[in-house]
Amino acid sequence: MSPAAMPSSGNQGSGAPLLVFVPSAGMGHLLPFTRFITAVATMGVDISVVTALPTVSQAEAEHFAGLFAAFPAIRRIDFNLLPFDAAAFADTEPFFLRWESLRRSAHLLGPLIAAAAPGASAVITDVTLASEVIPVAKNELKLPCHVLFTSGATVLAFLAYFPVYLDGANADHLVGDVDVPGVRRLPFDHCPRVLRNPDGLFTKQFIVNGREIAKADGILINTFDALEPEALIGLRGGKVVPGFPPVFAVGPLKSTPTTARSSDKAGSPIAWLGEQPARSVVYVAFGNCNAAAQKQIREISAGLEASGCLFLWVVKTTILDREDTAELRDVLGDGFLGRVQGRGLVTKEWVDQEAVLKHPAVGLFLSHAGWGSVTEAAAYGVPMLAWPTLGDHKIIATVIRSGGFGVWMEHWSWQEEDSEERSVVSGAEIGEKVKEVMGDEAIAAGAARMREEAAKAVAPGGSSYRSMHEFLAMLS
Ligand code: UDP
Ligand code: UDP
């Protein structure tokens, strides 16, 4: 038996189970990993983290550095990726390319983990790497393998069912509505648009990962029962896919103060929020991977100005933070920053979004509906105005709507239907809607209810608390 294949006898004699994490690229993937890692680090678990270097984005580099500095007991296993010819995939976005590069180097993980983490109890990996890492963990290392899914349970149900849908439709890509059994019918237009391309890297990865994930020993997911009841019941009861692995809903996961890069220095967003009245500020941010077009940015600025509300706006003009060299003044146009001085703060910098959403001054979140953002808004009871950009965001918007804590502008698009052209939502419409949802008492009550449910879920005896302990009990 190889050292890594030995039953868990504890890491270096500490008696604690040893978990080996294999995260993927992109802050939306890395953050839930580090939140889970830091949660279990304080629950008697030893931890090693496989770290592919250099990271794709500056934000990831800083995040890893913060994690290892704050938790010196967590061991880093450096993972040197094999050379990867990205030129073969023209027009593919940088995070998909990194996922492919990680996948193509995944066979190196067996010997690497065996040598660096002898006596490991289990491997926990990201869904984007599932079809490559699950066989390495189970067949080679003889270890249980769990997937930490970084989107919601409704998206997980869609992913798990997608191969069955393809077989039924005799297709190799998305061709119509997807009726996820026991969960919901997802119209063609709500499903990730990228899956319409049979030849795309993402489509191929998505399908093989969807098939393999059924072989995982368990799925950890940053959600909670009250947020996605149908999807969790459907997955756990075998309605979505018979025999699906156990699903542990352990959210909402929160950052520990040591890993959150919070700053309340003078002039920072948090310091500025401190000067504003309760529930008066609209927070506007569309995630790490969405570069808005110049025309749309100008309309958003007009809308925020017209809304009459206070606002904090994180503007991103490139997908990769390292490439974002544009000057805000040029992006926003002459005079805007001057006109809104005192009532709007605009930044291109990374903000500690969790700290922003936790702040009592924030009354609305205009968001792209990425899962990280949605779980944070739910946890802190911030009403949402959802403007989904791409990928799984429209599926997630259905969760916001059914959860009653936000409004989804279904006709607001970032792209013309059936074309790659950008469409533009007018400033007038954005301004009207922001004002309207800011004053919507039913949505505010829905958000407050969701915050209470989230707090109950993670409190002792709550559904996520119990799921977390069931998962930990499986390791020993
Ligand atoms: N985030 C942040 N500061 C930023 C931008 C993003 O803290 O300036 C965090 C945010 O809180 C969330 C994650 O990055 O946890 C983004 O994940 P999400 O799923 O919302 O969107 P993605 O970027 O993956 O599309
Ligand atoms: N995803 C997946 N299987 C894959 C690749 C991605 O399930 O092979 C998930 C991923 O976790 C995300 C969703 O599909 O939740 C949509 O991907 P997107 O590119 O929007 O990822 P994001 O950058 O928003 O996390």
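A few remarks follow.
- Geometric descriptor of the chain, per residue, is 138 Å³ (volume of the convex hull of the Cα atoms).
- Centroid-to-centroid, using Cα positions, the stretch 109-170 and the stretch 446-476 are 23 Å apart.
- Less than 5 angstrom separates the built amide H of Leu345 from those of Phe311, Leu312, Trp313, all sequence-distant by 5 or more or on a different chain.
- Between Gln341 and Ala445, the contour length at 0.36 nm per residue exceeds the Cα-Cα span by 34.3 nm.
- Sorting Tyr165, Tyr283, Tyr465 from the fewest to the most surrounding beta carbons within 10 angstrom yields Tyr465, Tyr165, Tyr283.
- Estimated purely from DSSP H runs of n ≥ 4, each contributing -39500 (n - 2.57), the mean residue ellipticity at 222 nm for the chain is -12000 deg cm²/dmol once divided by its residues.
- The Rg/Rh ratio of the stretch 138-276, with Rg taken over Cα atoms and Rh as the Kirkwood radius over Cα pairs, comes to 1.10.
- Under DSSP loop assignment and at most 16 Cβ neighbours within 10 Å, longest GluC sites (Glu not before Pro)-free interval of the chain: 1-274
- The stretch 206-227-the stretch 313-350 distance, computed between alpha-carbon centres (Å): 37 Å
- Taking Lys204, Lys254, Lys295 and counting other C-beta atoms within 10 Å, the order from fewest to most: Lys295, Lys204, Lys254
- Considering only the chain, percent of DSSP beta bridges that pair antiparallel, nearest 5: 5 percent
- Look at the dipole of the chain built from charges on Cβ: of Ser24, Val133, Phe471, the Cα furthest out on the positive end belongs to Phe471.
- Gyration tensor verdict on the stretch 269-439 (Cα atoms; rounded if a/c is under 1.5, prolate if a/b is larger than b/c, oblate otherwise): rounded
- When +1 charges are put on Lys and Arg Cβ atoms and -1 charges on Asp and Glu Cβ atoms, the dipole computed for the chain relative to its Cα centre reaches about 1140 debye.
Bear in mind these aren't lab numbers, they're just calculated from the coordinates by the rules spelled out. Keep in mind that this is a model prediction, so the values were computed, not measured. All Cβ positions, glycine included, derive from the backbone under ideal geometry; neighbour counts span all protein chains shown.
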